[in-house]
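See below for the structure under consideration.
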């Protein structure tokens, strides 16, 4: 029983280390966020390092999902630099005052000549 627990703890520790390494590598990819080709290369490198071919082949993918994935891949490969948001300042001119016709404020001193 103790050997089994020790083996499970060892397996769990190894998995945690792998996850921590993968997490660190993904964070290192963030530096390429403005360069799509470098980002793609970095993600491919991580994928090749951590995903084994038998893992990929053992998981079945539904035909609809595979078709959609292939379509999206073609679109992304055809246009590696997507256009930026056409209207990034959409909310810039928004009126912060919710009441467009405010009533005039009452004069605190109705008699200007005391």
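The values are calculated or read from the model by the stated rules, or taken from the named source; none is laboratory data. Since the structure is predicted, the reported quantities are computational estimates derived from the model, not experimental observations. Every residue, glycine as well, gets a Cβ built from its backbone with ideal geometry; the counts of neighbours run over all protein chains shown.
The test for being surrounded by fewer than 11 Cβ atoms within 10 Å (Cβ to Cβ), at pLDDT 75 or above and not in a loop (DSSP other than H, G, I, E, B) holds for residue 15. Yes or no: residue 62 surrounded by fewer than 10 Cβ atoms within 10 Å (Cβ to Cβ) and either within 30 Å of residue 15 (Cα to Cα) or modelled with pLDDT of 85 or more (or both)? Spelling it out, residue 62 is indeed surrounded by fewer than 10 Cβ atoms within 10 Å (Cβ to Cβ) and either within 30 Å of residue 15 (Cα to Cα) or modelled with pLDDT of 85 or more (or both). For segment 26-36, the candidate set comprises residues that are part of a helix (DSSP H, G or I) and without any contact (Cβ under 8 Å) to a residue 24 or more places away in the chain; within that set, the residue that is nearest to residue 47 (Cα to Cα) is 26. Checking the structure you have, find out if any residue of segment 42-54 is at negative phi, out of contact with any helix residue (DSSP H, G or I) (no Cβ under 9 Å at 6 or more places or on another chain), modelled with pLDDT of 90 or more and in a helix (DSSP H, G or I). Looking for residues that are at negative phi, out of contact with any helix residue (DSSP H, G or I) (no Cβ under 9 Å at 6 or more places or on another chain), modelled with pLDDT of 90 or more and in a helix (DSSP H, G or I), one finds at least one in segment 42-54, hence yes.
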